[in-house]
1. Taking 30 Å as R0, compute the FRET efficiency from the Cβ-Cβ separation of B:Arg93 and B:Ser4 and round it to 0.05.
2. Among B:Glu198, B:Glu317, B:Glu82, whose mean-square fluctuation peaks in a Gaussian network model of chain B (Cα, cutoff 10 Å)?
3. Per-residue ellipticity at 222 nm for chain A, helices alone: DSSP H runs ≥ 4 residues times -39500 (n - 2.57), over residue total, nearest 500 deg cm²/dmol?
4. Using a/c under 1.5 as the rounded threshold, could you call the stretch A:3-121 rounded, prolate or oblate? The axes a ≥ b ≥ c are square roots of the C-alpha gyration tensor eigenvalues, and prolate needs a/b larger than b/c, oblate otherwise.
5. Which angle between 0 and 90 degrees, to the nearest 10, do you get for helix A:152-163 versus the longest principal axis of chain A when only C-alpha atoms count?
6. What is the calculated FRET efficiency for A:Glu207 to B:Thr288, with r their C-beta to C-beta distance and R₀ = 51 Å, to the nearest 0.05?
7. Please sort through the DSSP H helices of chain B and keep those with an alpha-carbon extent of at least 18 Å along the long axis and a Kyte-Doolittle average not below 0.0.
8. Within the set A:Lys215/B:Lys220; B:Lys8/B:Lys60; A:Lys3/B:Lys220; B:Lys180/B:Lys309; A:Lys214/B:Lys235, which residue pairs have Cα atoms separated by over 24 Å?
Amino acid sequence: MKKILIIEDDAVLSEELCTLLKNSGYEASRVTDFETTADQMRSSDADLILLDINLPFTGGETLLQEFRKTSDKSVIMLTSRTTEIDEVLSMSYGADDYITKPYNPTILLLRVSAVLKRLERSGSAKVMYQDAEVSGVKGTLTRNGNEMILTKNEMIIFQLLLDRRGEIVTRDDLMTTLWDNNEFVNDNALSVNVSRLRGKLAELGFEDAIETRKKQGYVLR
Amino acid sequence: MRFSAYLKDRLPAIIIFVVSLLLSLIFLRAYHVITEALAVLCVILTAGAFSVFLWDYLRKKPFYDKLQNCINELDQKYLISEMVTSPDFLEGRILADVLKDCDHSMCDNVALHRREAAEFREYIEIWVHEVKLPVGGLQLMCHNDGNSKYSEQLKRIDDYIENVLYYARSRNAEKDYIIKKTSLKRAFIDTAIRYREELQERGIALSTENLDMDIMTDAKWLGFIFSQLMGNSMKYEATEITVTAEETPDSISLRFRDNGIGIPESDLPYIFEKSFTGENGRTHTRSTGMGLYIVSMLCQKLGHSVSAKSVQGEYTEIIISFGKNDFLDVQ
C-alpha cells in the first residue's frame with residue numbers, strides 16, 4: 001500500500017483529503033503540528049507528499065526548496081492560488097505536480113496515481129497480466145503467441161484496471177481517465193468499450209476477467 | 001486667437017473710446033478749434049488706441065495659441081498644466097497657477113482611487129483564496145459521503161467565484177499572467193474534465209480536431225476562457241461542441257463551435273460588451289452579460305483576438321486567434 005503524507009493546515013480539508021485517500025486504497029497520514037513540518041517531511045517514510053503552499057510558520061514553497069536539497073521524493077503542491085506564475089514557481093522548486101483548490105476528487109486521485117505510477121514505471125520492466133504480456137506502446141495483449149489488438153480506449157481501460165487489480169475501479173475513474181486522454185466518451189460508449197474488452201479477454205482465454213460490481217464499478221481479477 | 005475675435009471681445013472698450021472721442025471733438029468744436037487740429041487729434045488718439053490693443057493682442061496671442069494647440073493635441077488632456085509656462089501678463093499667470101493647482105489636486109485624487117482600487121482587488125484575491133477552502137472542503141465531503149446531490153451546486157459556487165477573480169484580474173493594470181508555451185490540447189482537456197459531469201448529464205458530445213499544437217498563452221487564463229465558452233454552450237442548449245485549431249503562417253486560430261440556439265444577427269456585434277444580455281439573455285436562463293466580456297478582456301490582455309460567428313438556430317462559433325511570435329518561442 002502506498003503511503004501519502006498530507007501537509008495542509010485547514011483541518012477540514014486535511015481530514016477529508018485523508019478520508020478520500022484512505023477510501024481509495026492509500027495509507028494516508030496528516031501533519032498537525034506545523035512548527036516542525038520540515039522535520040516531519042524528512043523523517044516520513046511516505047511515497048508521496050501533498051504539500052499546501054499557505055502554511056503557518058514556514059510556507060510550502062520554502063519547505064519544498066529545503067526538502068529538495070536532501071530528497072527527491074514525489075511532492076504534489078496544493079494551493080488555492082491559481083495563477084500560472086505560482087504554478088511555474090512551484091514546479092521550478094521541484095514539485096512533481098500542482099493541484100488547485102477546490103479539488104475535484106477524481107482529478108486529484110488521477111494526479112496522485114499518475115505521479116506514483118511515474119515512480120514505479122521508472123523501475124519495472126515488462127507489464128504482465130497473469131501470463132499475458134501487455135504492451136501499451138503497441139496496444140496489444142499477447143498470450144502464448146496469440147496477439148490481441150486493443151483499441152486506444154480499450155487499452156486505457158485495461159491499463160487502469162490492471163494498475164488497480166483486485167480493487168474496484170469506478171466508472172467515474174474510468175471516464176475521467178479516458179477524458180484525460182482526449183477521448184470524450186459518454187456512458188454508453190464506456191459500457192460498449194468495457195464489453196468489447198471483456199470479449200477480447202475471453203478470446204485470449206481470460207473468461208470473466210472483468211467483474212461488474214453493481215453501482216460501484218469494475219474489478220479486474 | 002484671431003485679431004478680429006480679440007477686437008470683438010473688446011467691443012465695449014472700443015465703443016467707450018469712440019464715444020469719448022466724439023464728445024471731446026464736440027467740446028473742442030464748441031471752443032472753435034480748427035478742423036485740421038481736430039483731424040490730427042483724431043488720428044493720433046485712434047492710432048494710439050489701436051496700438052494699445054495690438055500690443056496687448058500680440059502679448060497674449062502666443063500664450064493662448066500654445067494652450068489651445070496643446071489641449072487639442074494632448075492624448076490625456078489633464079496633462080495640460082505640465083505644458084503651460086507662466087506668461088508675463090497677469091491673467092495668463094492667474095490661469096496657469098489655477099491650472100497647476102487643479103492638476104495637483106486631481107493627481108492626488110486619482111492616486112487615491114487607484115490605490116483604493118488596487119487594495120480592493122487585492123482583497124478580492126485574498127477573499128477568493130479563503131472562500132475556496134470551505135468550498136473545497138465541502139466538495140471532498142460530498143465525494144467521501146457519496147453524496148453527489150450537492151456537488152453540482154458547489155460547482156456553480158466555484159464557477160461564480162472564478163468569475164469574480166478573473167473579472168478583477170482582467171480589470172487590473174498589473175501583469176499577473178505569464179505567457180508561455182502551452183499545449184492547446186492539455187488546456188482543453190483539463191477544462192473538459194472539470195465539466196465532465198455536467199456535459200454528460202446534458203448529453204453533450206465533445207470532439208476535438210487538430211489540437212496537438214503549442215500556443216503562447218497563460219494556461220490558467222485559457223482554461224478560464226474555455227470554461228466560459230463551455231458554460232455558454234451548456235446554457236444555450238448545445239448537444240455538440242467541436243473544437244478545432246488551424247495554423248496559418250502568422251497565427252493559430254481556435255474555433256469553438258456548438259450547435260446551440262445561436263445568436264440573433266442584430267445581437268452579434270455586441271456580445272463582447274459589458275453587461276450585454278441580448279435576446280438570448282432575456283428569453284433563456286438569466287444572463288449577467290459578464291462572461292464573454294471577461295473573455296474578451298482577458299484575450300485583449302494576452303494579446304489574442306476574439307470574434308464570433310453565428311446563425312440563429314444553427315450554431316455559434318467563437319474564434320480566438322493566438323499570434324505566433326518567434327521572439328517568445330525560446331526554449
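Laboratory data are not the source of any read-out in this text; all were calculated from the coordinates shown. The structure presented is a predicted model; accordingly, all values stated were derived computationally and were not measured. No Cβ is skipped: glycine too gets one built from the backbone with ideal geometry, and neighbour counts run over all protein chains shown.
1. Computed FRET efficiency for B:Arg93 and B:Ser4: 0.70.
2. Fluctuation is largest for B:Glu82.
3. Numbers: 8 runs with 96 residues, N = 221.
After summing the helix terms and dividing by residue count, I get -13500 deg cm²/dmol.
4. rounded
5. 60 degrees
6. With R0 = 51 Å, the Cβ-Cβ based efficiency is 0.35.
7. Details: long enough: B:11-30 (28 Å, 2.53); B:35-73 (55 Å, 0.43); B:90-144 (81 Å, -0.14); B:151-171 (30 Å, -1.01); B:219-235 (24 Å, 0.31).
Helices passing the filter in chain B: B:11-30, B:35-73, B:219-235.
8. Values: A:Lys215/B:Lys220 35 Å; B:Lys8/B:Lys60 15 Å; A:Lys3/B:Lys220 30 Å; B:Lys180/B:Lys309 28 Å; A:Lys214/B:Lys235 33 Å.
The answer is A:Lys215/B:Lys220; A:Lys3/B:Lys220; B:Lys180/B:Lys309; A:Lys214/B:Lys235.
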